[in-house]
Amino acid sequence: MSSYADPSSVEQVEWIESGGGPLIAIPEVVLPFWTGADGDELASDYDRACEVDGFVGLLPVGNTTALVLGDEPAATSYLPEHGTFVRWSAGDSERELLAGVPAALDTAAWGREVYWEVPGAVVLFDAAWPGAGSTRAGHLRIALEPGRYAVRAAHAEPGPETWIGLVQLRPLGR
C-alpha cells in the first residue's frame, strides 16, 4: 500500500497498485475462493480478470461477485465521501489529483452501468494475488453497506496534466 500524500496535507489517502494487471474488489466473505494467478485450472482467476474488457466488469466468486477494475493498472484509492474508486492515470501531485475529483465527477462521460450485489465490506487488491494472501500484500478494505449498487465508470481530465479514472458506486433502493 502506498501513500503519496503531501506531508503538509491533512488527508492521507491509501493507494493500491498492481504488478501490471487489473485490480479487483472482492467481498470479504468470499476471499478464500479467489485463487489469483495460482489456480490449478487451465485458466486461473487472474486470467478471468484479465479478460474483462473496459473500465469495469463483474466476475463470479463463490456465491457472489467481484468487481474488476480493468483498462489500465493505475494506482487506485477509494474516496468514501464520493462513493468512488479514483484511478491515478496522470497528475503532478496527489493534492492536484484529489482537488480535481469533484470537477471530474461533474463532467465525466459515464459508460454503461453494471449492477453489483455486495454482502458487505470488500477488499481491493491486485487480482494476481490469491484472496487468502491479499491482506499480506497491498490491499484496501472498503466498508460497504450490504445491498445492490449501480456501478459506472469514466475517464476524466479535470486539468491539462491531470487524468483520472473514476468508478462510482451508487447504492440502489434497499
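The values are calculated or read from the model by the stated rules, or taken from the named source; none is laboratory data. Since the structure is predicted, the reported quantities are computational estimates derived from the model, not experimental observations. All Cβ positions, glycine included, derive from the backbone under ideal geometry; neighbour counts span all protein chains shown.
A few notes on this one:
- Among the conditions (1) of a type outside the set (S, T, Y); (2) farther than 24 Å from C50 by Cβ; (3) surrounded by fewer than 14 Cβ atoms within 10 Å (Cβ to Cβ), A104 misses just one, which is (3).
- The residues on offer are L124, L67, L97, L166, and the sole one that is over 16 Å from the mean Cα position of the chain (by Cα), surrounded by 21 or more Cβ atoms within 10 Å (Cβ to Cβ), aliphatic (A, V, I, L, M) and not in a loop (DSSP other than H, G, I, E, B) is L97.
- Test: residue in region 127-146 that is part of a strand (DSSP E or B) and either of a type in the set (S, T, N, Q) or free of Cβ contacts under 8 Å to residues at least 60 places away in the same chain (or both): no
- Scan region 55-74 for residues that are at pLDDT 90 or above and of a type outside the set (V, I, T) and the total you get is 10.
- Look at region 54-80: where a residue is more than 27 Å from L97 (Cβ to Cβ) and a partner is basic (K, R), sitting 6+ places away or on another chain with Cβ atoms under 6 Å, you get L59/R48.
- Checking S134 against (1) surrounded by fewer than 21 Cβ atoms within 10 Å (Cβ to Cβ); (2) at pLDDT below 85, the condition it does not meet: (1)
Residue-wise test of (1) of a type outside the set (D, E, K, R); (2) at pLDDT 90 or above; (3) not in a strand (DSSP E or B).
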{"residue": "V30", "(1), (2), (3)": "yes, yes, yes"}
{"residue": "D47", "(1), (2), (3)": "no, yes, yes"}
{"residue": "D53", "(1), (2), (3)": "no, no, yes"}
{"residue": "R87", "(1), (2), (3)": "no, yes, no"}
{"residue": "A104", "(1), (2), (3)": "yes, yes, yes"}
{"residue": "R112", "(1), (2), (3)": "no, yes, yes"}
{"residue": "E117", "(1), (2), (3)": "no, yes, no"}
